[in-house]
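Below is one structure, written out as structure tokens; comments come after it.
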Amino acid sequence: MAGRQYGSRSVGWPQRSHRNVSVYRKDSAVTENAFPDPLVPEPETPDDGRLWETDTGTLHEQSRRALLQLLRGPYISADRHSKLWTRILVDETMIRSRLADLFLTLVVDHEREVAFVRNVDEVDAPRVVRAQNLTHIQTILLLHLRQRLMQDAEQARAVVDEGETIEQLAVFEGVGGTDPAQFENRIRSAWNKFTDLGILYETTTPGRFEISPVLAVIFGAEEITAIRREYDKILTEQLPFEDEANDDEEDDQ
């Protein structure tokens, strides 16, 4: 709006100031926080994905825990590690990539809901996972457990009794001149080892153990057939077992 003319001078209307003005309520105390220092950076938000201050990882926390459990071994199952199994399903591609950086491959059986790692199948690749060298007695028990697992495939769980299993394996007791007492001790030792490896785990009933479904994945049908053929020959021809002295020896290759 134009100003009025007074003589030779033009007087305009007073202009309003457009400067921002901060208004504070009278009942509100004005503190230093009301006037933040522009030189002090704003604190980082806690939702930036980091688990600690210098964390540079990109995986979800549970995915990292799943990765760690896979490296520790022997496996992850939906029954025993439900949260970690779920994270494998969610982040399988990223977890598989992290393992590949370490010359490892991820094996996931969705039907049996188990996962574990293996060395990559390359001649020049370093062997990260140490292979367990099984004795003859351990292999006999392993074959028996896998057969029971397959027989109970339609059941929710495959459960075996330790005492009954030892009796069922007594057919191998005298093979090659094996001492009966020594044979039983070795079977029990093998049983304890498979419990430590997670192939067997205790139930609430004393002496009763559940067979892990991972056993069906680790040893395929062709491998089991070849091993069983060899042990049928040992049983038929009464061939002696090899020296069992190095029961706990592992292969570093």
Please state which one of 125, 115 is of a type outside the set (Lys, Arg) and surrounded by fewer than 16 Cβ atoms within 10 Å (Cβ to Cβ). 125
Expected output for the stretch 61-74 (first residue modelled with pLDDT of 90 or more and small (Gly, Ala, Ser), partner surrounded by 14 or more Cβ atoms within 10 Å (Cβ to Cβ) and assigned to a helix (DSSP H, G or I), Cβ below 6 Å, 6+ apart or cross-chain) is 63/87; 66/84; 66/87; 66/88
Candidates 157, 186, 148 - the one that is surrounded by 15 or more Cβ atoms within 10 Å (Cβ to Cβ) and under 26 Å from the mean Cα position of the chain (by Cα): 148
Scope the stretch 128-160; condition among the charged types (D, E, K, R) and over 22 Å from residue 196 (Cα atoms); matching residues: 152, 154
Check the stretch 143-161 and report whether any residue there is farther than 28 Å from residue 110 by Cβ, not assigned by TED's automatic domain parsing to the domain that holds residue 80 and not β-branched (Val, Ile, Thr). yes
Go through (1) buried (at least 16 other Cβ atoms within 10 Å of the Cβ); (2) without any contact (Cβ under 8 Å) to a residue 24 or more places away in the chain; (3) in contact with a Lys or Arg (Cβ under 8 Å, 6 or more places away or on another chain) one by one and return the number of the condition residue 104 breaks. (2)
I'd like the full set of residues that are in a helix (DSSP H, G or I) and in contact (Cβ under 8 Å) with a residue 60 or more places away in the chain, limited to the stretch 187-216. 214, 215, 216
Filter the stretch 47-92 for residues that are under 27 Å from residue 130 (Cα atoms) and of a type in the set (S, T, N, Q) and give the result. 62, 63, 69, 77, 82, 86
Checked the stretch 204-219 for anything polar (S, T, N, Q) and surrounded by 13 or more Cβ atoms within 10 Å (Cβ to Cβ); matches are 212
Out of 249, 230, 223, sole residue that is under 26 Å from residue 155 (Cβ atoms), at pLDDT below 75 and not assigned by TED's automatic domain parsing to the domain that holds residue 80: 223
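The values are calculated or read from the model by the stated rules, or taken from the named source; none is laboratory data. A quick note: this is a predicted structure, and the numbers were derived from the prediction, not measured. Because the Cβ atoms are built from the backbone with ideal geometry, glycine has one as well, and the counts that use them run over all protein chains shown.
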